[in-house]
Amino acid sequence: MKPRLQAFILEDSEDDLRFLLRGFQRHAPDVAFMAFHRAKLLLAELEKIKADEHGVYPHFILLDLNLPDANGFDVLEQIRRGVETMAIPVLVLTTSISQKEIMKAYRMKANAFLSKPQDLTEFDEVTKTISTFWFGLASLPRA
């Protein structure tokens, strides 16, 4: 039997998070999602996993760049700096469509850069596409 996948979502907007979780529940019901509203909480969870010899890292991280307590690029940098976390696929999902930010995200080894959907239908389509590719077709690293 295939082990259950675990994914982290860092999203400060309660509405966007609700739309994402609703879509993932529909399109990726076998994936366990852990949501964080603040960067420091996600980073603390990664540190907690590192300290636990039986800790299991997430198989996937969905990262908003515009956060109240941190710059999303700083979070991405910290994830990529860790030996244990550098291979975790990180998808940036943000309101920005700036070429400068898109290039920066890819230079910092983001696996994809997606613009945030504008309505519920678009959120559903994005979660369906992510679920089909990342949780269905792609081989994700195991902790």
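Might you check whether a residue that is in contact with a Gly (Cβ under 7 Å, 6 or more places away or on another chain) and either on the phi < 0 side of the Ramachandran plot or without any contact (Cβ under 8 Å) to a residue 40 or more places away in the chain (or both) occurs anywhere in segment 72-86? Step through it out loud before you land on a result.
To start, the set of residues in segment 72-86 that are in contact with a Gly (Cβ under 7 Å, 6 or more places away or on another chain) comprises none.
No, segment 72-86 contains no residue that is in contact with a Gly (Cβ under 7 Å, 6 or more places away or on another chain) and either on the phi < 0 side of the Ramachandran plot or without any contact (Cβ under 8 Å) to a residue 40 or more places away in the chain (or both).
Can you name the residue in segment 104-133 that is farther than 20 Å from Asp16 by Cα and in contact with a strand residue (DSSP E or B) (Cβ under 7 Å, 6 or more places away or on another chain) and is also most open to solvent (accessible area, probe 1.4 Å) among such residues?
Looking at the filtered set, the residue picked out is Tyr106.
Taking the condition of being touching a helix residue (DSSP H, G or I) at 6+ places or on another chain (Cβ under 8 Å) and either in a loop (DSSP other than H, G, I, E, B) or closer than 27 Å to Ala51 by Cα (or both), how many residues in segment 104-134 meet it?
Selection size over segment 104-134: 5.
Under 7 Å between Cβ atoms, which residue pairs at least 6 apart in sequence (or on different chains) link something in segment 25-53 that is over 23 Å from Val75 (Cα atoms) with a partner that is of a type in the set (Ser, Thr, Tyr)?
Final answer for the pair search is His27/Thr127; His27/Ser131; Ala28/Ser131.
Do the conditions hold for Ser115, that is, is it closer than 18 Å to Ile130 by Cα and hydroxyl-bearing (Ser, Thr, Tyr)?
Details: closer than 18 Å to Ile130 by Cα: yes; hydroxyl-bearing (Ser, Thr, Tyr): yes.
So Ser115 fits the description; yes.
Need a quick list: strands (runs of 3 or more DSSP E) entirely within segment 1-103 having at least 2 residues that are at pLDDT 95 or above and open to solvent by less than 10 Å² (accessible area, probe 1.4 Å).
On the way: elements: 6-10, 32-36, 60-63, 90-94.
Ranges flagged: 6-10, 60-63, 90-94.
The values are calculated or read from the model by the stated rules, or taken from the named source; none is laboratory data. Remember, predicted model here, so these are calculated numbers, not experimental data. Glycine gets a Cβ as well: all are built from the backbone with ideal geometry, and neighbour counts include every protein chain shown. Ligands, DNA and RNA are stripped out before the accessible areas are found, and what is left, the full protein with its side chains, is counted by its heavy atoms. Shrake-Rupley method; radii C 1.70, N 1.55, O 1.52, S 1.80 Å.
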